[in-house]
Amino acid sequence: MSKILISCAITGSIHTPSMSPHLPVTADEIAAQSVEAAEAGAAILHLHARNPDTGRPSASVDDFMGFLPRIKQSTDAVLNISTGGSAIMSLDDRLAAPKRVEPEMCSLNMGTMNFALYPAADRISEWRYDWEEPFLRNSDDLVFKNTPRDMARILTEMGTERGARFEFECYDVGHLYMLRHFLDRDLVMGPLFIQFVFGVLGGIGPDPENLTHLKVIADKLFGQDYYFSVLAAGRHQMPLITMAAAMGGHVRVGLEDSLMISRGVLAKSNAEQVQKIRRIVEDLGREVASPAEARDMLGLKGADRTAF
Ligand code: KMH
Ligand code: ZN
């Protein structure tokens, strides 16, 4: 089994400040938690930005630049910038910061889908900001748009033109066939880093049978020319990524995907989740990959070829 890549998704755009006091929002909080997560063993940091005053997901280049240079100065972790942003953003907005900073890695969402966050709204009794409740409740009529034309644009503008490699976010089995389609069009090249995403309402469910099924189909479509990683939302995070590690796959933790460290207990930081999965995977006999090993495995261009 290869060394294991631990990714950590620091803040995302799904959870809102009222859900946890530990969700990083300001540049200081995002930078500090990113450095801690890298020091705990995360080789890849998956990053979104937020408005520092309200915690609302942000596409602002300035918000990203508030933390990216500082993280880069403090760790050699691979910085992976989301092109997903938030499902309420236009693709132009979602691409503004990634195109400006030219990262080694960025995410690519492999299909248009429902991204239903509204069930979480009923679990919040006190709202810190007035944007949160409508943001969550309106997701019952929200389409997370990723058409083949959108994907081709991201592959061209971030991959071909800026040398980024991708974290392919696959929320369902059909997304694997879409990725194969782009491989056939020579718009992507291996080795592929495929993120199986479980437990988003609108995507595939967090059942172990679905993980084995996605793996069987990925083997069929991509042979040896891919790595699979797993992220799972909420309470499903640790069980499913532990299964992935036992299967020889890679893992993603982070408060973007789950706010918990154990049943009913909020994680105090991203690093706490990194430390927990690191203990688990090392007990399973896996060795954690360094950022340098991650760059070698994924064929990344190097931190010195970014634009920040
Ligand atoms: N929020 C995760 C479920 C992206 O940033 O491009 C998937 C994700 C998408 O991280
Ligand atoms: Zn993300």
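Criterion applied to Asn114, Asn109 was being of a type in the set (S, T, N, Q) and within 13 Å of ligand 2 (Cβ to nearest atom), and the one residue passing it is Asn109.
Just need a number here: residues in segment 207-237 that are open to solvent by less than 40 Å² (accessible area, probe 1.4 Å) and within 16 Å of ligand 1 (Cβ to nearest atom). Spell out the reasoning first.
Residues of segment 207-237 open to solvent by less than 40 Å² (accessible area, probe 1.4 Å): 210-211, 214, 217-218, 221-223, 226, 228-234, 237.
Checking which are within 16 Å of ligand 1 (Cβ to nearest atom) leaves us with 210-211, 214, 228-234, 237.
Summing the residues that are open to solvent by less than 40 Å² (accessible area, probe 1.4 Å) and within 16 Å of ligand 1 (Cβ to nearest atom) in segment 207-237 gives 11.
Selection of segment 267-308 for residues being among the polar types (S, T, N, Q) and in a helix (DSSP H, G or I) yields Asn270, Gln273, Gln275.
For residues in segment 127-145 being assigned to a loop (DSSP other than H, G, I, E, B) and in contact (Cβ under 8 Å) with a residue 60 or more places away in the chain, which is nearest to Asn109 (Cα to Cα)? Within segment 127-145, the match that is nearest to Asn109 (Cα to Cα) is Trp131. Residues in segment 5-29 that are touching a Gly at 6+ places or on another chain (Cβ under 8 Å) and hydrophobic (A, V, I, L, M, F, W, C): Ile6, Cys8, Ala9, Ile10, Leu23, Val25, Ala27.
Just so you know, in segment 141-159 the residues that are open to solvent by less than 40 Å² (accessible area, probe 1.4 Å) and away from ligand 1 (no atom under 13 Å from the Cβ) include one that is nearest to Gly203 (Cα to Cα), and it is Leu142. Taken over segment 252-308, the residue count meeting the criterion of being basic (Lys, Arg) and buried (at least 16 other Cβ atoms within 10 Å of the Cβ) is 6. Hey, could you check segment 34-47 for residues that are part of a helix (DSSP H, G or I) and either within 15 Å of ligand 2 (Cβ to nearest atom) or of a type in the set (D, E, K, R) (or both) and say which is farthest from Ser60 (Cα to Cα)? Residue satisfying both the conditions and the ranking: Glu39.
Just name the residue that is nearest to the chain's Cα centre (by Cα) out of those in segment 160-177 that are under 21 Å from Leu95 (Cβ atoms) and surrounded by fewer than 17 Cβ atoms within 10 Å (Cβ to Cβ). This residue is Gly163. Selection over segment 162-193 of residues that are in contact with an Asp or Glu (Cβ under 6 Å, 6 or more places away or on another chain) and among the charged types (D, E, K, R) gives a count of 1. Cβ-Cβ contacts under 8 Å between residues 6 or more apart (or on different chains), taken from a first residue in segment 96-109 that is away from ligand 1 (no atom under 14 Å from the Cβ) to a second residue that is among the basic types (Lys, Arg) and assigned to a helix (DSSP H, G or I), are listed as Glu102/Arg305; Glu104/Arg295; Glu104/Arg305.
Assessment of segment 117-131 against the conditions (open to solvent by less than 50 Å² (accessible area, probe 1.4 Å) and within 16 Å of ligand 2 (Cβ to nearest atom)) yields at least one matching residue.
The values are calculated or read from the model by the stated rules, or taken from the named source; none is laboratory data. This one's a predicted model, so the numbers in the text were calculated from it and none came from an experiment. Every residue, glycine among them, receives a Cβ derived from its backbone with ideal geometry; neighbour counts consider all protein chains shown. Just the protein is used for accessible areas: all its heavy atoms, side chains included, with ligands, DNA and RNA removed. Shrake-Rupley method; radii C 1.70, N 1.55, O 1.52, S 1.80 Å.
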